[in-house]
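Written out below as structure tokens is the structure these notes cover.
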Amino acid sequence: MPKSMFYGSISSPKIDVTVDMGNPFLNRTVDGFLKIGTVAASRVAVEETYQCVQKGSISKAKFEDALKKMCKEGAYWGTVAGVYVGMEYGVERIRGRRDWKNAMLGGAITGLLISAASNNRRDKVVKDAIAAGAVATAVEFVSYLT
């Protein structure tokens, strides 16, 4: 009995924007800022749209509030990502190696900087640095598995 099979692939559209700042460190930092900032802003847009659909209405004030939230979240998470990517690249250049330790150190430095910029106490800054380094290391290890 003949068998029929269907082969195919579904892929999402890929948009890649390159901003050449003339320096690899700046290029990666800006790229991280733009990509993650866009994701954060999109998340807020989806959440706000869902809330408007749930309520069944939208107002000019609600729309303006949503835009402000999108900009705020996009700028915050874009900045965190830009700092992380820049720190990881800087650590890689200083160490002369490309391995998981760069992610750990880049994450720890990023956590430290972001926490210190938020005017946290010393113990909170240290905890945030440790947590960010651990998360970055875990992400690096998971990416090796896939």
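Taking only the range 118-134 into account, find how many residues are closer than 26 Å to Pro24 by Cα and either surrounded by 15 or more Cβ atoms within 10 Å (Cβ to Cβ) or modelled with pLDDT under 95 (or both).
Total satisfying the criteria: 3.
Would you pick out the residues in the range 47-77 that are of a type in the set (A, V, I, L, M, F, W, C) and farther than 29 Å from Met87 by Cβ? If you could, list the steps in order and put the result at the bottom.
Initially, the range 47-77 is screened for residues of a type in the set (A, V, I, L, M, F, W, C), giving 52-53, 58, 61, 63, 66-67, 70-71, 75, 77.
Within the range 47-77, Cys52, Val53, Ile58, Ala61, Phe63, Ala66, Leu67 meet the criteria.
Can you tell me which residues in the range 75-103 are in a loop (DSSP other than H, G, I, E, B) and within 17 Å of Leu26 (Cα to Cα)?
Once the filter is applied, which keeps residues that are in a loop (DSSP other than H, G, I, E, B) and within 17 Å of Leu26 (Cα to Cα), the range 75-103 yields nothing.
Okay, residues lined up against (1) among the charged types (D, E, K, R); (2) in a helix (DSSP H, G or I); (3) at pLDDT below 95; (4) surrounded by fewer than 11 Cβ atoms within 10 Å (Cβ to Cβ):
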| position | (1), (2), (3), (4) |
| --- | --- |
| Asp16 | yes, no, yes, yes |
| Asp20 | yes, no, yes, yes |
| Leu26 | no, yes, yes, no |
| Val30 | no, yes, yes, no |
| Thr49 | no, yes, yes, no |
| Val53 | no, yes, yes, yes |
| Glu73 | yes, yes, no, no |
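Based on what the data block shows, is Arg93 in contact (Cβ under 8 Å) with a residue 40 or more places away in the chain and over 24 Å from Val39 (Cα atoms)?
yes
The values are calculated or read from the model by the stated rules, or taken from the named source; none is laboratory data. This is a predicted model, so every value here is computed, not measured. Note: ideal-geometry Cβ built from the backbone for every residue, glycine included; neighbour counts use all protein chains shown.
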